[in-house]
Structures are given as C-alpha cells and as structure tokens.
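To keep things clear, I will list the structure first and then write my remarks on it.
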Amino acid sequence: MDSKDSLVCGIEGMELVYGRPQSLTEMHTHYCPGCTHGIAHRLVAEALDELGLREQTILVAPVGCSVFIYEYINADSCEAPHGRAPAMATGIKRTQPNKTVITYQGDGDLVSIGASEIFHAAARGEHITVFFVNNAIYGMTGGQMAPTSLPGQHTSSSLDGRSTERTGFPIRMSEVLAQLDGSAYIVRRSLHDVTNIRKAKKSILTALKVQQAGLGFSMVELLSTCPTNWGISPEQALTWVKDNMLPFYPVGDYKVTEAVKGL
Amino acid sequence: MTKELLKGNVAIAEAALRAGLEAYFGYPITPQTELLEHLSKRMVELGRVFLQAESEVAAINMVYGAACSGVRTMTSSSSPGFSLMQEGLSYIAGSDLPCVVVDVMRGGPGLGNIMPSQGDYFQVTRSAGHGDFRPIVLAPASVQEAIDFTVLAFDLADKYRHLVVIAADGLIGQMMEPAELPEMRPSSRSAPDYALTGAKGRPPRAITSLHMAAEEEEAFNIKIQQRLGVIRSLEQRWFEYKVDDALLLVIGYGTAGRIAYTAVESARSKGLKVGLLRPQTLYPFPEDRISELADQIEGVLVVEMNAGQMVEDVRLAVGGQAPISFYGRMGGVVPMPDEVLSNIEAAYERISARYLVE
Ligand SMILES: Cc1ncc(C[n+]2csc(CCOP(=O)(O)OP(=O)(O)O)c2C)c(N)n1
Ligand code: SF4
C-alpha cells in the first residue's frame, strides 16, 4: 500500500507534504510519552525511503525497549540476543552482500553486554550500519545503571548517584570505535531539538550510503531520552540531554574517512 | 569415489561443504581446530563464506544471521565453546531455524583438558540452551560415520527446520582412518520461504523468538513438541551387533561404543551371549529398539566416557525390565577394551548367578 494515499485523508486539492514514510508500518509504538526512540525510528524509516532501500533492507533488532522495532519498520527483520546484533548482522551481510543490513541498539545492548560484538564488527570493517541509541540507562528493565550512565546519575541500581570510585567511568563508544581501522563513518548526534534531529537525519543518510558504497563499518550514535526512568517530564528530559549528556558526549564526527567525504 | 586417509575433523569439514555448506563461522579450540582450518581454505577457494569469529558467542550469532538468510550454515567447537553457544542455540531454536553445530567433546568440567570425552551428553541432549527444546544429536563412531552424519545433519536440519548437533568426541575428531567422501552437491538451492531477503514485492518477514503473550509462547512450544514427536518416531538410529540371542546388552555410543564393540567380540569368542547396541542418534534416543530388546535380555551394561549420563535414557527405555550396570572413564580417559570386557564378564556372571538361583 502506498502510505501517501492513505494520508491524504480525502481532502481534495491538498498536496500531502508530510506523511508516514513507507518504511514505517501503521502500528502504534509502545514507547513512553517523550521517548525519542520513536523519532529515531522515523528518521531511519525516512532515510530508507529516500534512498529507496526498504525492499533490500534487513534490520536486526536488539534486546531493549526497541526490541519490537521489527513491528514498526516495514522491512524484513530479525531479533538478536541481547548485544549480539552486530554478529547476527555479520552473518546476514556475509551471506547477502548486496542487501542493506542495519542494526538498531540501545546503550546497554551495545556498550555493555554487546561490547565485544560491536567492537569486532567495527574492527572487521563489516559492511553494516549501526544505529546506536544512547539514553544513558537501561530502559527496558526499569532504569538500572548502564555503562553509559553519567557520573553521579541516579538510577535504580545507583540510588545515590553513579559512583566512579565503585563503578568506574562511562564509555564513549563512538570515540572508541573511531580508533579502529575498520570503521569508516562514526558520528554522534542528538535528538533533543529540531536542529539536532535534522543533523541526525543527514548522518543516517550518509551512514546508509557508506554501506551502499561498500566503504566499511558505519555507526550513528543518537543521544536519546528516557523520561520514564530518568524520573522527569518529557520536556525536562530534552533539557537533561542538552545540559548533562551533551557535555559528556559531545556531538560530532569521530570518523569520516576520505572515501566517505567523497560520497 | 575411493577411500582416502582422513582425519575426523577434516572429514567433517570436507563433508559439510560437499553437503552444501554455504557459510561457516567458528573459533579455534582443540580438539576441533582442524575443522575450522580446513574450511578456512576450502570455503574461500569455493567462494563461500568463512569467518573466524571473535568468540563462540559471536560465531553462533553469525550462524543465526546466516540461517535467517536461508543458507546452509554451521559452526563447530569443543565443550567450553559449546557452553558459550547456549544462548544463541536457544534463540535459533526459538526462531525455528535450521543449522548444524559440531561439538568435538573434550575433558571437563572447566577448562578440563583436550582429551576425548563424552562429558557433554547432558548438555547436547538436554540443555543445549534455556527453554523447552532439544536438538537432534548425532554421535559418530568412526571417520566414515562422521562424514555420513555430517551430510545427514544438513538434510535433517532442512527437513525439520531444526537444530542438529554432531556430538563427536575428541578421538573421532583427531584420529585418521580410511573413509570415503561424498560427491560435491550442486550448490544451487533457492532461498526457503522464511528467509529474510528484503521485502521486495511481498510483505515484510520477521524472524523472532519473542512471543509476549504466554498463550502464544505456549502455542509455539506445542509446535516444537509436536515436531519433536515426529522426530522421535521417525529418526531413531542405532547400530546393533549380535543382539538376537544376547542375554547381556552393552550400550555405548561414539568412541565408547566402538571400544565396546571390540569387547563384545571378545566376549562372544569366549562364548558369552552378549550383544551391542550403539546409539547413532542420542536424541532421539533409540528407545523403541532398546525397550523391545529389554523383553529378551537379562542385563544391560552402559559404557561411556563420562559418569554415566546416558544411563538415565537407558533406564527409561529399559523400564525396569533388566538390571543396568555402568562402566565409564572420565576426564578424558578412554577406556580400554579389556576394561570393558571385564565389566561385561562381571555383568554376565551376575546374570548367570541369577539363573542359578532360579
Ligand atoms: C542475556 C540477557 N541479559 C539481560 C537481559 C535483560 N535486559 C533486557 S533489556 C536490557 C537493557 C536494555 O537497555 P538498553 O540497551 O540501554 O536499551 P533501552 O531499553 O534503554 O532502549 C536488559 C539488561 C536480557 N534480555 N538478556
Ligand atoms: S522506558 Fe525509557 S527508553 Fe523505554 S520506552 Fe520508556 S522512555 Fe523510552
């Protein structure tokens, strides 16, 4: 079904200027109010539409709040064990090198339990694209400390604030993966305001183009909200990203190879 | 085709690619490594997928991904590595995907050693991962059987869309024997209807092991159990030797089964009525044949290279109709034929003693 048709809503003579991307299903998401997972989904879907990739895309879902992304993205998909999406994506991409293989992973999934899989996929220069949604907390399990939680951050497993003395320091994964020769495109963007969302969208397009051109591993980290587990309102959550996450996780381009610049 | 002198691990690797293996992912571990090494060369020569993964955890998830692509895929490992694959195996089972996993078992628990063992019997037949599922498990006792079972493994995996484990012990992996390899199968195989190939001209497909509603999950479990029921009724395989007039039945698989064969031969030459049943499938366990024989026999001796893990299955199949004794060596020690023979003689004597009493 062409989703544009369904959204004209019978208003004659009106041109549809903003509709549901074809790469998004009509399913209502289960995300909490103010959660930016939904925005991230929409950006990925728009990018798949714009590049005409939907019908050749295979998506690997994570374990985390976005586990059901395979019900929202209108493409072939599978659901990996917690943290193993890059390994699964490797198995798919190696056996179908002409397809577009993407993973979508939270920070617990990618930085904690799946640190090894993401690290080696990047080091191998696996031709996959990773969308890394960093909300500095374990959303799905109810707000425990993640390896990305900020020093002093209150979580359900660090009630009086994350102590670096006891739990060490947050990991900046984009910076880490940028060090590896296999990575081609690694950037961090944020979803806390419109300007940053637009930049994120551009980078998502670029990351997918990197894969299409066979230039190596690409990842877009997206700073995201979890108002529910941060214990604040959706609006406050956007401000929290700006005030607390941005200083620790600066948005920017951490790896853009010459070949990628030439795209 | 003629026989060639082949090492078990190499034979399994070569048989796998001739059976149509399209993508292999693995991690080095003794006594399995030659399998990976052989494929690193041959798969690349043939333009197929070979990748040395960063861990067994990654390897099994790469297999999971390749199985989503609908290709014939495999990994291999030995005991500690097989332990690491359990999560992935469970997800593969929970997604109804076929694949083949080779476990060339070594001494354990822990790092144990690199000597031949059958210590993973419980793990491969019962707890290959969390949740209610069991893989089909094939146990070769020679290099030739390792080859034949590898081909069979891929066919069974495809036939049932099910996980198949080849449980070989370190001796099968390491020893060299003359054996015959199969012809190379044509590799053109169209993608199965569940494969993720991009939703072009069709609705999207999703492969997932997640069923949020308990009833849905139960329905999925019932489907697995029904399939296992069919597998139990159609796929029990075993080898038997001189069971017709046997009073004592020796049961052993893999290397232990082969040693037991030699011991049974010696016992026969001494005039003892002893027969051998060597399970070739550990799951489904050849329970039908064993319970049939249980009517006729007066005793059972189980021989294994572990603490007696198969005894439970034998006991269930025999159903109390005959006394069961066990002889096993652990930790990578391979029993000698005379040790088994003296255990046969002892078990036989107990049977005769019972007869005398009667
Ligand atoms: C092997 C395993 N360990 C733990 C869990 C429980 N678990 C589910 S989601 C999750 C954390 C997810 O957090 P994150 O990746 O940050 O994603 P978010 O929910 O915040 O989007 C955990 C620990 C699991 N499903 N599997
Ligand atoms: S718990 Fe957090 S990450 Fe999960 S849906 Fe709610 S707001 Fe989003």
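The values are calculated or read from the model by the stated rules, or taken from the named source; none is laboratory data. Remember, predicted model here, so these are calculated numbers, not experimental data. Cβ coordinates were reconstructed from backbone atoms using ideal geometry, including for glycine residues, and neighbour counts include every protein chain displayed.
Numbers for the structure displayed
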| quantity | calculated |
| --- | --- |
| Matching residues in the range A:65-80 - criterion: being more than 7 Å from every other protein chain (Cβ to nearest Cβ), surrounded by fewer than 24 Cβ atoms within 10 Å (Cβ to Cβ) and in contact (Cβ under 8 Å) with a residue 40 or more places away in the chain | A:71 |
| Tally of residues being without any contact (Cβ under 8 Å) to a residue 24 or more places away in the chain and within 9 Å of chain B (Cβ to nearest Cβ) across the range A:44-58 | 1 |
| Residue in the range B:1-13 that is crowded, with 24+ Cβ neighbours inside 10 Å, in contact with an Asp or Glu (Cβ under 8 Å, 6 or more places away or on another chain), among the hydrophobic types (A, V, I, L, M, F, W, C) and outside any strand (DSSP E or B) present | yes |
| Cross-chain or 6+ apart pairs with Cβ under 6 Å, the range A:110-122 first and more than 9 Å from every other protein chain (Cβ to nearest Cβ), then within 8 Å of ligand 1 (Cβ to nearest atom) and assigned to a helix (DSSP H, G or I) | A:118/A:110 |
| Condition check for residue A:38: within 14 Å of ligand 2 (Cβ to nearest atom) and either β-branched (Val, Ile, Thr) or surrounded by fewer than 21 Cβ atoms within 10 Å (Cβ to Cβ) (or both) | yes |
| Residue count for the range B:269-310, restricted to those that are assigned to a helix (DSSP H, G or I) and either closer than 29 Å to residue B:174 by Cβ or aliphatic (A, V, I, L, M) (or both) | 3 |
| Any hit, the range A:135-147, residues being within 14 Å of chain B (Cβ to nearest Cβ), in contact with a helix residue (DSSP H, G or I) (Cβ under 7 Å, 6 or more places away or on another chain) and either among the β-branched types (Val, Ile, Thr) or within 16 Å of ligand 1 (Cβ to nearest atom) (or both) | yes |
| Exclusive hit being more than 16 Å from ligand 1 (Cβ to nearest atom) and in a helix (DSSP H, G or I), set A:47, A:40 | A:47 |
| Near pairs, Cβ below 8 angstrom, 6+ apart or cross-chain, from the range A:148-170 (at positive phi) to any residue that is aliphatic (A, V, I, L, M) and modelled with pLDDT of 95 or more | none |
| Filter result (under 17 Å from residue A:27 (Cβ atoms), charged (D, E, K, R) and either more than 16 Å from ligand 2 (Cβ to nearest atom) or in contact with a Lys or Arg (Cβ under 9 Å, 6 or more places away or on another chain) (or both)) within the range A:50-78 | A:54, A:76 |
| Residue in the range A:115-130 that is β-branched (Val, Ile, Thr) and within 24 Å of residue A:228 (Cβ to Cβ) present | no |
| Number of positions in the range B:49-89 that are farther than 26 Å from residue B:148 by Cβ and under 17 Å from the mean Cα position of the chain (by Cα) | 3 |
| Evaluation of residue A:29 against (1) hydroxyl-bearing (Ser, Thr, Tyr); (2) surrounded by fewer than 19 Cβ atoms within 10 Å (Cβ to Cβ); (3) in contact with a strand residue (DSSP E or B) (Cβ under 7 Å, 6 or more places away or on another chain) (one fails), failing number | (3) |
| Meets criteria (surrounded by fewer than 24 Cβ atoms within 10 Å (Cβ to Cβ), within 14 Å of another protein chain (Cβ to nearest Cβ), over 19 Å from residue B:149 (Cβ atoms) and at pLDDT 95 or above) for residue B:97 | no |
| Candidate set: the range A:195-235, residues that are part of a helix (DSSP H, G or I), in contact with a Phe, Trp or Tyr (Cβ under 8 Å, 6 or more places away or on another chain) and not small (Gly, Ala, Ser); chosen: the one nearest to ligand 1 (Cβ to nearest atom) | A:229 |
| Number of the condition not met by residue A:83 [criteria: (1) in a helix (DSSP H, G or I); (2) small (Gly, Ala, Ser); (3) within 11 Å of chain B (Cβ to nearest Cβ)] | (1) |
| Scope the range A:150-169; condition out of contact with any strand residue (DSSP E or B) (no Cβ under 6 Å at 6 or more places or on another chain) and in a loop (DSSP other than H, G, I, E, B); matching residues | A:150, A:151, A:152, A:153, A:154, A:159, A:160, A:161, A:162, A:163, A:168, A:169 |
| Residue in the range B:52-69 that is farther than 16 Å from residue B:165 by Cβ, touching a residue at least 60 places away in the same chain (Cβ under 8 Å) and out of contact with any His (no Cβ under 6 Å at 6 or more places or on another chain) present | yes |
| Selected residue (only one of B:229, B:131 is within 14 Å of another protein chain (Cβ to nearest Cβ), among the small types (Gly, Ala, Ser) and outside any strand (DSSP E or B)) | B:131 |
| The range B:149-194, residues that are of a type in the set (Val, Ile, Thr) and within 20 Å of residue B:114 (Cα to Cα) | B:165, B:166, B:172 |
| Matching residues, the range A:20-37, being within 16 Å of ligand 1 (Cβ to nearest atom), assigned to a loop (DSSP other than H, G, I, E, B) and away from chain B (no Cβ under 14 Å) | A:29, A:31, A:32, A:33, A:34, A:35, A:36 |
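Here's the yes/no breakdown for (1) within 13 Å of ligand 1 (Cβ to nearest atom); (2) touching a helix residue (DSSP H, G or I) at 6+ places or on another chain (Cβ under 8 Å); (3) farther than 18 Å from residue A:247 by Cβ; (4) outside any strand (DSSP E or B):
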site: A:109; (1), (2), (3), (4): yes, yes, yes, yes
site: A:117; (1), (2), (3), (4): yes, yes, yes, yes
site: A:126; (1), (2), (3), (4): no, yes, yes, yes
site: A:171; (1), (2), (3), (4): yes, yes, no, yes
